[in-house]
Structure formats: structure tokens, C-alpha cells
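Note sheet for the following structure.
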Amino acid sequence: MVLEKRDKMQIKCVLVGYLQANCYIVTQQNKAVLIDPGDEPEKIESELQGLELVGILLTHSHFDHIGALSYFEEKYRLKHNNKIKNFDYETIETPGHSKDSLTFYFPKEKVMFTGDFLFQGTIGRMDLPGGNEIEMQESLEKIKKYEDDIILYPGYGPSTTINKEKPRFSYYF
């Protein structure tokens, strides 16, 4: 399902695995980046038809976000989280849900892919191995400094904006 077109970028969400995690396919000029290929490689690959896969980004390494990773790395000879040519994005460390949680921010399009760090109406669990309440608070403070109209694409559920989520940050702790 195509979620949105932002400038020259198209964002498509594919629900994968028994947990129905969001796997994103971000495209520009027939080049694609996978974000969190959690499972069902055939399903994801069917959505890549006509596109050149040039990169893979992982928001964190929990099983529901990496299940199809080795398939895509091996088939396309790619390594995850390497800098991807022709895609302008920042990698922001946002631990709290996990030690390796990352958020990917595409400033020109004003979109962030947050994985399980930040969702519509809530934040990621901190009771799993590597979760940490203090780090989550610090990560929320970091994200608070970004522009309010940035669209957030989480690891589960619908998109939201920083503006909608920021007022809730103080209620989580």
C-alpha cells in the first residue's frame, strides 16, 4: 500500500510476519530502500517489482524487524545501515526500546522512520532485554527538538507527527 508521496519520494508500507510489522519501501527515481524487512521476503519482493534495491535500513535488531534481512542482503549483495547513495537521510541514535534503536530522518521530505521507539499514541516497550527508561527519556528529548510537522512512520500502526506525539512525552514517565 502506498502511504504517501513526499517531493520525489514514495513511501510504501508492507505488513509482514504474524505480528504484522511495518516494512517500508522508500523509493526515488526507481531506486528503493527497505526499512525493517521483518519477514515474508517473497511478499516484500513482489512490491519491489520494477525497482532497483540499493539499500537496507534497520531501526533495531529485534526478530520482527530483521526476519527477511539475510535474504535481501544475500540476494542483492547489500549490507544493512550502510550509507545509501542518492538518498539524503540522517541516522539518529534513539535507544530506550533497545540498545541499538535508530531513527532515520529524511529532512527534505520531513519524514522519520522510528521503528519501535515511537508510535502513534505511545512509545516502545522498555521491559525487553536492552530496554532502558533513562535512555528512552533522553531519546524523546532528542526527537522533541525536531520540527513539529515531521511525519513519523513507526514499526507498527499508522503514521503520526512529532506535533501530535510531543505533548504525551511527559506522561510516559
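The values are calculated or read from the model by the stated rules, or taken from the named source; none is laboratory data. From a predicted model like this one, the values you see are computed outputs, not experimental measurements. Reconstructed Cβ throughout: ideal geometry from the backbone, glycine too, with neighbour counts over all protein chains shown.
If you go through the stretch 11-67 and pick out every residue that is within 22 Å of GLU90 (Cα to Cα) and either among the aliphatic types (A, V, I, L, M) or in a helix (DSSP H, G or I) (or both), you end up with 14.
Going by what's in this entry, would ASP148 be described as among the acidic types (Asp, Glu), out of contact with any Phe, Trp or Tyr (no Cβ under 7 Å at 6 or more places or on another chain) and within 19 Å of TYR24 (Cα to Cα)? When the stated conditions are applied, ASP148 does not pass them.
Exactly one residue out of ASP36, ASP64 is in contact with a helix residue (DSSP H, G or I) (Cβ under 9 Å, 6 or more places away or on another chain), within 25 Å of THR161 (Cβ to Cβ) and not hydrophobic (A, V, I, L, M, F, W, C), and it is ASP36. Screening SER46 against (1) within 26 Å of GLU141 (Cα to Cα); (2) surrounded by fewer than 18 Cβ atoms within 10 Å (Cβ to Cβ) leaves a single unmet condition, (1). Being over 18 Å from HIS62 (Cβ atoms), without any contact (Cβ under 8 Å) to a residue 12 or more places away in the chain and out of contact with any Cys (no Cβ under 6 Å at 6 or more places or on another chain) is a condition met by at least one residue of the stretch 154-169.
Within the stretch 133-146, residues that are under 13 Å from LEU118 (Cα atoms) have Cβ atoms under 9 Å from residues that are of a type in the set (Lys, Arg) and in a helix (DSSP H, G or I) in these pairs: LEU140/LYS166; ILE143/LYS166; LYS144/LYS166, counting only partners at least 6 apart in sequence or on another chain.
Within the stretch 51-63, which residues are without any contact (Cβ under 8 Å) to a residue 60 or more places away in the chain and more than 19 Å from PHE106 (Cα to Cα)? Once the filter is applied, which keeps residues that are without any contact (Cβ under 8 Å) to a residue 60 or more places away in the chain and more than 19 Å from PHE106 (Cα to Cα), the stretch 51-63 yields LEU51, GLU52, SER61, PHE63.
The criterion of at least 3 residues that are at pLDDT 95 or above and either crowded, with 21+ Cβ neighbours inside 10 Å or among the aliphatic types (A, V, I, L, M) (or both) is met, among strands (runs of 3 or more DSSP E) falling completely within the stretch 84-173, by 102-106, 111-115, 151-154. The residue pairs whose first member lies in the stretch 66-88 and is within 18 Å of TYR24 (Cβ to Cβ), whose second member is among the acidic types (Asp, Glu), and whose beta carbons are closer than 7 Å, counting only pairs six or more residues apart or on different chains, are GLY67/ASP39; ALA68/ASP39; ALA68/GLU40; HIS80/GLU73.
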